[in-house]
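First up is the structure itself, then whatever we jot down about it.
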Amino acid sequence: MKAETFFTREQKNIIVQAIEEAEKQTSGEIRVYIENSCKGEILDRAAYLFKLLDMFNTKERNGVLFYMSVARQQFAVLGDAGIHAKVPEGFWDAVRDTIREHFNKEDFTGGLSMGIQMAGEKLRSFFPRKADDTNELKDTISFGEN
């Protein structure tokens, strides 16, 4: 199955809506990147894409990337230095476990949406939206061909 057709239009809209909702109250930026397959280590690929997508290029270093490999049905969540320094120990593990619980039930949309919501709540508490805040990164799902 191809990454672009793995989710229905409605499921894609739910994920994008989760991103938009999460970013309403924060200066933080959330991106979702889905590709067909991942050769090598999932975290290494996510780190490469984090850089490729300029996720580190936010003013407060508060970007969060959700990466998924369709063929392997695996994922990674990466937070930039600004958000990573502020979240409590174990936070990223809790996000991972929540997503994994949904993925194990083949609820990929729910898993991504819940993970995005969790990240958005932390971003909101540590990086509240300011009056002059601009959306630095697109609130869309990116798809890769790998």
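Just so you know, all these numbers are worked out from the coordinates, no wet-lab data involved. Everything numeric in this text was worked out from a predicted model, so none of it was measured. Glycine gets a Cβ as well: all are built from the backbone with ideal geometry, and neighbour counts include every protein chain shown.
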Requested in this report: Counting other Cβ atoms within 10 Å, keep those with at most 14, restrict to DSSP loop, and tell me which trypsin sites (Lys or Arg not before Pro) in the range 1-70 are left.
Outcome: LYS2, LYS24, LYS39, LYS59
Report summary line: Along principal axes, largest first, the alpha-carbon spread of the range 3-128 in whole Å comes out as 34, 29, 24
Query raised in the report: Measuring from a point 7 Å past the Cα of THR8 along Cα-to-C-beta, which residues in the range 86-122 have an amide N at less than 14 Å?
Result: 107-110
**Report entry** Placed amide H near TYR33: partners under 5 Å, 5+ positions off or other chain
**Finding:** PHE66, TYR67, MET68, SER142
Report task. Would you list, by chain and number, the lysines whose Cα falls below 23 Å from the Cα of LYS105, excluding same-chain residues fewer than 8 positions away? Result -> LYS2, LYS12
**Report entry** chymotrypsin sites (Phe, Trp or Tyr not before Pro) restricted to DSSP loop in the range 9-117 with at most 14 other C-beta within 10 Å
**Finding:** PHE56
Query raised in the report: Taking the range 43-146, which GluC sites (Glu not before Pro) meet the DSSP loop condition and have no more than 15 other C-beta atoms within 10 Å?
Result: GLU89, GLU106, GLU145
